[in-house]
Amino acid sequence: MELHVFHTLVALHIVTGSIGAIAFWVPVIGRKGGVNHKRWGKVFTICMLATGSFAVCMSLLTLYEPMGTHPHLEGMFEAPFIRGIFGWLMLHMGILTINLAWYGWLCVQNRRDHAKNLTRFNVALQFILIVAAVNSAVQGWIIGQFLMIGLTVVGLATAGTNLRFLYKPVRGEKDWLDEHIKALVGAGISVYTAFFAFGSVRIMPEIALNPVLWSIPLVTGISLIIYHQRKVAVQTRARRGAASYAG
């Protein structure tokens, strides 16, 4: 029974993740603020919330029955490894995806009313992510999978910077946009990491834990975040300069 439910969750996870992975590029490379940006950004956000939710459910089933949900890996990996990678780490990554998608969506929706970002759910998501990240690191240490420890840095950095913005006494006029970019591109990093890393365990298990494989989406995503945030900063300075000159 668990295996059938698990396979259904995997199928839904792949479908929503694939749609999200494609939709991700429309707002990233397209004209900002336009109809397509908003439409496909919404599609991406919904898909990421669904994908992350399915990942959380998959992780919980794996923690309950590691070998029963991954019979194809029997003989290649032991139950503690399955529980660590597909249970605790996937739980962390699923919560991270939900966190980033929801937080990034709120930032753009509430850009003119920051108080609306301070919902109990949004704030609670930050602390839930911190707990999931610390737990994943501890579990990684216990089973000797130090890649799990390295990846928890992403979760801790995400929650930390999110809380900093949420409770920042004074915010710049475009701080919300920087946070929106960071979060939604971060969610894109998360889904591509899942495809590269978790997928490789099924297809090419011998390279599944290669740090290079896991780093490709991270390096690409961070580069996109830096590029777009710098572009926003340049445009903001240009507008201020033009306004000052006109004045």
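Remark: spin-label model distance Leu156-Lys32 equals 3.1 nm, labels positioned 7 Å along the Cα→Cβ axis. When peptides 188-196, 125-133 are ranked by their average number of other Cβ atoms within 10 Å per residue, the highest-first order is 188-196, 125-133. Taking a spot 7 Å from the Cα of Phe195 along the direction of its beta carbon, which residues of the range 50-78 have an amide N less than 19 Å from it? Label zone hits: 50-56. About its Cα centre, the range 2-240 has a charge dipole of approximately 1680 debye under the convention of +1 per Lys or Arg Cβ and -1 per Asp or Glu Cβ, with nothing else charged.
For a straight C-alpha distance cut-off of 17 angstrom, the lysines reachable from Lys182 (same-chain residues fewer than eight places away being disregarded) are Lys32, Lys38, Lys42, Lys168, Lys174, Lys231.
A straight chain from Asn135 to Gln109 at 0.36 nm per residue would run longer than the Cα-Cα distance by 6.2 nm. Simple spin-label estimate for Ala124 and Trp25 gives 3.8 nm between the two label positions (7 Å along the Cα-to-Cβ direction from each Cα). Computed from backbone phi with θ = phi - 60° and the Karplus coefficients 6.51, -1.76 and 1.60, the 3J(HN,Hα) list for the range 58-73 is 4, 5, 5, 5, 5, 4, 6, 9, x, 7, x, 8, 9, x, 5, 9 Hz; x is used for glycine and proline.
Annotation for Val5 and Ile226: the two label points, set 7 Å from Cα along the Cα-Cβ direction, are 4.4 nm apart.
Readers should treat all values here as calculations from the given coordinates under stated rules, not as data from a laboratory. As the structure is a prediction and not an experimental result, all values here were calculated from the model. Reconstructed Cβ throughout: ideal geometry from the backbone, glycine too, with neighbour counts over all protein chains shown.
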